[in-house]
Structure formats: C-alpha cells, structure tokens
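Trainee: One structure follows; several queries about it will come next.
The values are calculated or read from the model by the stated rules, or taken from the named source; none is laboratory data. For clarity, every value in this text was computed on a predicted model and none was experimentally measured. All Cβ positions, glycine included, derive from the backbone under ideal geometry; neighbour counts span all protein chains shown. Ligands, DNA and RNA are excluded from the accessible area calculation, which covers all protein heavy atoms including side chains. Shrake-Rupley method; radii C 1.70, N 1.55, O 1.52, S 1.80 Å.
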Amino acid sequence: MGVNPKARANKAKVAEDAAQCLELQLSGMSLRRIAEHTGLSMSTVRNRLTTAYAALITPGVHEMRTREGERLLLYLDRLQPAVDQGDQGAIKLAAQLSASYRRLYGLDAPQQHNVQLHEVTQMDLGVQELIRDAHARAALDKEQQA
C-alpha cells in the first residue's frame, strides 16, 4: 500500500500557504488582507500562521529543552558525592535541580482535585425557610406552654 499522493500534495500546499501567510504577516499585512490576497478564509489564514509558527518555534524549543535538561543532569551528577555524604546544602540544591528538571519536561503534572458543587435552588431556599418557621413556631409553642 503506497502513500496517498493527494495527502502529500495537501501537506505541501498547507506548508506553502503557511510560508506565504507568514511572509505576508511579517510584511505588515493584517489577517483580513492576507485572506483577501491569498483567497483563503480568515480561519484558514490563522491555522496556516499557527502551522508556520510551530514549524519555526518548536524545533528551537526542543533543542533548548534538551540542552537545559542535559545541563541539569550534569549538575545533579556532580552533586551526587556531596549528597551521598549527607551535605544538607547539596541535598537541598539537588532537590531544587530535580524539581527544575521535572518542570522542564512536564513531569510535575498538576494534581487532580475532586470538587463537588451543590446548587442551591429556589425550592431549597423555600424548604429552609419552612423549616426555620416550623422551628420558630415550636419554640414559641414551648414558651407559651411554660
């Protein structure tokens, strides 16, 4: 089974459109003008610009993250003998470096919290008022009987 030639042409067209939209935006054109100039819809222009920016930014971020991760691991490795000897400063620094590493790679995912909401309806308020009235009447009856 071969690769669909239309899919390849579509990817090439998307990349070409993305490059053209980015070039036009960098020249100062608004999204509306880019859409008019290219014949694409405004939402397609936005999507193509997102594609273009991702192609420019993502590889650089990946490279920076990799370098920073390696640097943090090198520091942790150099600190290890002091940590093994129980040096409190080294232990604290190693914990901070480890936390930075986890944040860098998204390993410190947020914790899940379960929240229960209880909606108080007008009927609930009415029932509460009836209960308060009943308690007040019972207290009044009790006072009158005494």
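Trainee: Using a ≥ b ≥ c from the Cα gyration tensor of the stretch 75-124 (square roots of the eigenvalues), is it rounded, prolate or oblate, where a/c under 1.5 gives rounded and otherwise the larger of a/b and b/c decides, a/b for prolate?
Mentor: Prolate, since a/c reaches 1.5 and a/b exceeds b/c.
Trainee: Y53 to S27: extension gain in nm, 0.36 nm per residue of separation minus the Cα-Cα distance?
Mentor: Extra length from Y53 to S27 when fully extended: 7.8 nm.
Trainee: Tell me which chymotrypsin sites (Phe, Trp or Tyr not before Pro) from the stretch 55-146 have a DSSP coil assignment and no more than 14 other beta carbons within 10 Å of their own.
Mentor: Y105
Trainee: Let's see if you can work this out: charge +1 on each Lys and Arg Cβ, -1 on each Asp and Glu Cβ, no other charges. What is the dipole magnitude of the stretch 49-146 about its Cα centre, in debye to the nearest 20?
Mentor: 420 debye
Trainee: Highest GNM mean-square fluctuation, the chain, Cα pairs closer than 10 Å: which of T38, T121, T66?
Mentor: Of T38, T121, T66, the Gaussian network model singles out T121 as fluctuating most.
Trainee: Pull out the extension gain between L93 and Q145, defined as 0.36 nm times the separation in residues minus the alpha carbon to alpha carbon distance; nm, one decimal.
Mentor: Contour length minus the Cα-Cα distance gives 11.3 nm.
Trainee: While we're on this one: Just to be sure I understand: with springs between alpha-carbon atoms less than 10 Å apart, which residue in A95, A52, A134 has the highest mean-square fluctuation in the Gaussian network model of the chain?
Mentor: In the Gaussian network model the winner is A134.
Trainee: Classify the chain from the C-alpha gyration tensor, please: rounded if a/c falls under 1.5, else prolate or oblate depending on whether a/b exceeds b/c.
Mentor: It is oblate, given that a/c is not under 1.5 and a/b is not larger than b/c.
Trainee: Add -39500 (n - 2.57) for each DSSP H run of 4 or more in the chain, then divide by its residues: what number comes out at 222 nm, to the nearest 500 deg cm²/dmol?
Mentor: -27500 deg cm²/dmol
Trainee: For the chain, set up a GNM with springs between Cα atoms under 10 Å and report which of H113, H135, H62 has the largest fluctuation.
Mentor: Result for the chain, Cα springs under 10 Å: H135 fluctuates most.
Trainee: Something else: At 18 angstrom or more along the helix axis (alpha-carbon based) and mean Kyte-Doolittle of -1.0 or higher, what helices does the chain contain? Whole DSSP H runs only.
Mentor: The answer, listed by residue number, is 5-26, 42-84, 88-104, 122-145.
Trainee: Report the GluC sites (Glu not before Pro) located in the stretch 65-146 that are in a DSSP loop and have at most 10 other Cβ atoms inside 10 Å of their Cβ, or state none.
Mentor: The qualifying sites are E119.
Trainee: Same structure, new question: Given charges of +1 on the Cβ of Lys and Arg and -1 on the Cβ of Asp and Glu, with all other atoms neutral, how large is the dipole of the stretch 86-133 about its Cα centre, in debye to the nearest 20?
Mentor: Result for the stretch 86-133 is approximately 480 debye, rounded to the nearest 20.
Trainee: Now for a separate question. Whole number in Å², please: accessible area per residue of the chain, 1.4 Å probe, ligands, DNA and RNA not counted.
Mentor: Using a 1.4 Å probe on heavy atoms only, each residue of the chain averages 83 Å².
Trainee: Which one of A138, Q112, Y53 is farthest out on the positive end of the charge dipole of the chain, using unit charges on Cβ (Lys, Arg +1; Asp, Glu -1) and the Cα centre as origin?
Mentor: Y53
Trainee: In addition: On the protein heavy atoms, probe 1.4 angstrom, tell me the percent of accessible surface of the stretch 13-146 carried by carbon and sulfur.
Mentor: Percent of accessible area from carbon and sulfur atoms in the stretch 13-146: 55.
Trainee: Another question, if that's okay. Taking 8 Å as the Cα distance limit and 6 or more residues as the minimum spacing, I'd like the relative contact order of the chain as a percentage.
Mentor: Answer for the chain is 15 percent.
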